[in-house]
Amino acid sequence: MAKEPMLKFVSVGRDMPTKRDAEDRKDDFLEIYGEFVEAKAEEQASRCSQCGVPFCQAHCPLHNNIPDWLRLTATGRLKEAFELSQATNSFPEICGRICPQDRLCEGNCVIEQSGHGTVTIGSVEKYITDTAWEEGWVELIKPAVEREESVGIIGSGPGGLAAADRLRRAGLKVTVYERSDRAGGLMMYGIPGFKLEKDIVLRRAKQLEDSGVEFVLNCNVGEDISFDAIRGKHDAVLIATGVYKSRDLKGPGAGAEGIVKAIDYLTCSNKVGFGDDVEEYQNGELNAEGKKVVVIGGGDTAMDCVRTAIRQGATSVKCLYRRDRANMPGSQRETQNAEEEGVEFVWLSAPKGFVGDPVTGVMVQKMRLGAPDASGRQTPEVIEGADYVEEADLVIKALGFEPEDLPELWGVNDLEVTRWGTVMADFQTHATNLEGVYACGDIQRGASLVVWAIRDGREAADAMVAYLDQSAAVAAE
Ligand code: FAD
Ligand code: SF4
Ligand code: SF4
């Protein structure tokens, strides 16, 4: 009988690719995790118990066929593993790097639940497609039939790019309109290089461009071209613009110099990483070097800001969060990485106001956790008389994002939005109330994750193809 290649979790322990030492990694913006070598990837994939009902797959937003590509990897059939993996995921090497696996696939792996340590699904997924790129298995898109219809996609984040990939495969002419100077959305200018190196995003954009997708960069829809003009040029349109309105802080001194938005700070840092000449970095406005930095917020954006400030050479970096560690929204893995790099977390602390202009400190209110609210989360309550001033000469606000007012900005009052300002669209077809107009990603679901934007983009693309098929059939009658 052939030797069973799988179910090795009893004898083989969980192992991640090597993580660079904190002292070494805090001087650069390169990714902190290394790559599996072939033998290690095979060994780790072989730990999977090949569940009949794979909870990992059920909790992956793309329903990736995880047990099958793990088995193919474990048995050395890597090209087939790649083909299977890319059948459900447009950018597996990106998800393998930045999905919060502890909350999705890996957190629900049954061998994790039984105390043996999860299969390192994300690292294997990354390994498979990184190898595919190295081996030349990732090919340009060659549609079986070229179609006459064209689609316009507004926004080149993961939602827009995943849709572009699928629509081009269906033979459609695809144009992506992007207000920024580089494609990729938050994968390019939000998420720092130490989580996702920019070459990984650029090669995907290039693959699409070389496959016939047209990119119109530096084109702000609503300003450089109207939404109606885009509708007039294309047979269907996808809105994939993300959410960019930063939640703000009130209180005395909130407008002082030296208090900046997380998205401006991270965008600037990513541009500097490309060698761009950014004035706000040169003049110190968005540069943490030599400064006492306080970041306000407890989500992934705050984690990215504190770790960027460390790399820019801040003298101290503190993160203020109004709840405790157990109740923070950011990933525990990223929090640990930040601590290793020298970030200090000041839990149960909320800003009440700011001192100085330019800012010299944050007035901090100490909090305790009270009774759980309707969602079950404990509500922070102020501890009277415990206020103090935290010294700071750069304060970064990382309190989350809301949608911009698209109907107002684009002069399309008939585009329906929800009471949160997100574009109202069907959650399966992603169709909005306007004929031939679809929406996906953060602008439809609110600030979320790359993997959800990819899923939405793929679903929206399929619905757009069905819509165009139907329109063509009606025209032919
Ligand atoms: P976006 O990625 O925001 O892309 C939208 C694009 O539309 C942008 O390029 C924008 O410039 C463009 N655009 C907007 N308006 C216009 C217009 N009028 N005309 C033309 N173009 C326009 N998710 C994870 O899964 N893992 C992480 O580790 C992670 N880290 C994050 C860190 C930060 C700092 C932030 C802010 C988010 C992070 N996220 C992470 C969330 C993730 O990046 C988003 O959920 C995802 O990028 C949403 O994709 P999208 O395509 O909907 O929008
Ligand atoms: Fe896990 Fe994300 Fe990959 Fe799905 S896409 S298997 S959630 S890492
Ligand atoms: Fe394998 Fe874990 Fe998925 Fe089960 S839940 S199929 S053990 S990866």
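The values are calculated or read from the model by the stated rules, or taken from the named source; none is laboratory data. What you are looking at is a predicted structure, and each value in this text was computed from that prediction instead of being measured. Counting neighbours? That spans all protein chains shown, and the Cβs are built from the backbone with ideal geometry, glycine included.
A few comments on the model shown:
- Check on Thr88, touching a residue at least 40 places away in the same chain (Cβ under 8 Å) and either within 16 Å of ligand 1 (Cβ to nearest atom) or assigned by the TED database to the domain that holds Ala45 (or both): no
- Residues satisfying the stated conditions in the range 296-337, i.e. out of contact with any Phe, Trp or Tyr (no Cβ under 8 Å at 6 or more places or on another chain), away from ligand 1 (no atom under 11 Å from the Cβ) and either modelled with pLDDT under 95 or part of a helix (DSSP H, G or I) (or both): Val306, Ala309, Ile310, Gln312, Arg322, Ala326, Asn327, Pro329, Gln332, Gln336, Asn337
- Identity of the residue in the range 48-105, more than 12 Å from ligand 2 (Cβ to nearest atom), in a helix (DSSP H, G or I) and small (Gly, Ala, Ser), that ends up surrounded by the most Cβ atoms within 10 Å (Cβ to Cβ): Ala81
- Ile98 vs. criteria more than 16 Å from ligand 3 (Cβ to nearest atom), of a type in the set (A, V, I, L, M, F, W, C) and within 19 Å of the chain's Cα centre (by Cα): yes
- Some residue of the range 363-382 being away from ligand 1 (no atom under 16 Å from the Cβ) and not assigned by the TED database to the domain that holds Gly258: no
- Elements of type helices (runs of 4 or more DSSP H) in the range 377-477, at least 1 residues being modelled with pLDDT under 95 and either under 24 Å from Ala163 (Cα atoms) or within 16 Å of ligand 3 (Cβ to nearest atom) (or both): 450-476
- Taken together, Gly253, Gly222, Gly232 contain a single residue that is without any contact (Cβ under 8 Å) to a residue 40 or more places away in the chain and either more than 30 Å from Gly136 (Cβ to Cβ) or within 16 Å of ligand 2 (Cβ to nearest atom) (or both), which is Gly232.
- Test for Gly115: is it under 24 Å from the mean Cα position of the chain (by Cα), at pLDDT below 95 and either more than 16 Å from ligand 1 (Cβ to nearest atom) or over 22 Å from Leu238 (Cβ atoms) (or both): no
- Number of the exception - Lys195 against (1) over 17 Å from the mean Cα position of the chain (by Cα); (2) part of a loop (DSSP other than H, G, I, E, B): (1)
- Qualifying position, being within 16 Å of ligand 2 (Cβ to nearest atom) and of a type outside the set (A, V, I, L, M, F, W, C), among Lys261, Lys195, Lys271: Lys195
- Residue match in the range 422-438 (condition: assigned by the TED database to the domain that holds Arg323, in contact (Cβ under 8 Å) with a residue 60 or more places away in the chain and surrounded by 17 or more Cβ atoms within 10 Å (Cβ to Cβ)): no
- Among (1) outside any loop (DSSP other than H, G, I, E, B); (2) touching a helix residue (DSSP H, G or I) at 6+ places or on another chain (Cβ under 6 Å) - the single one Val362 does not satisfy: (2)
- Pairs with Cβ under 6 Å, 6+ apart, first in the range 19-41 and under 19 Å from Thr308 (Cα atoms), second of a type in the set (Ser, Thr, Tyr): Lys19/Tyr33
Let's see how each residue does on (1) touching an Asp or Glu at 6+ places or on another chain (Cβ under 8 Å); (2) within 7 Å of ligand 1 (Cβ to nearest atom):
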position	(1), (2)
Pro143	no, no
Ser150	yes, no
Gly157	yes, yes
Arg168	no, no
Glu178	no, yes
Tyr189	no, no
Gly193	yes, no
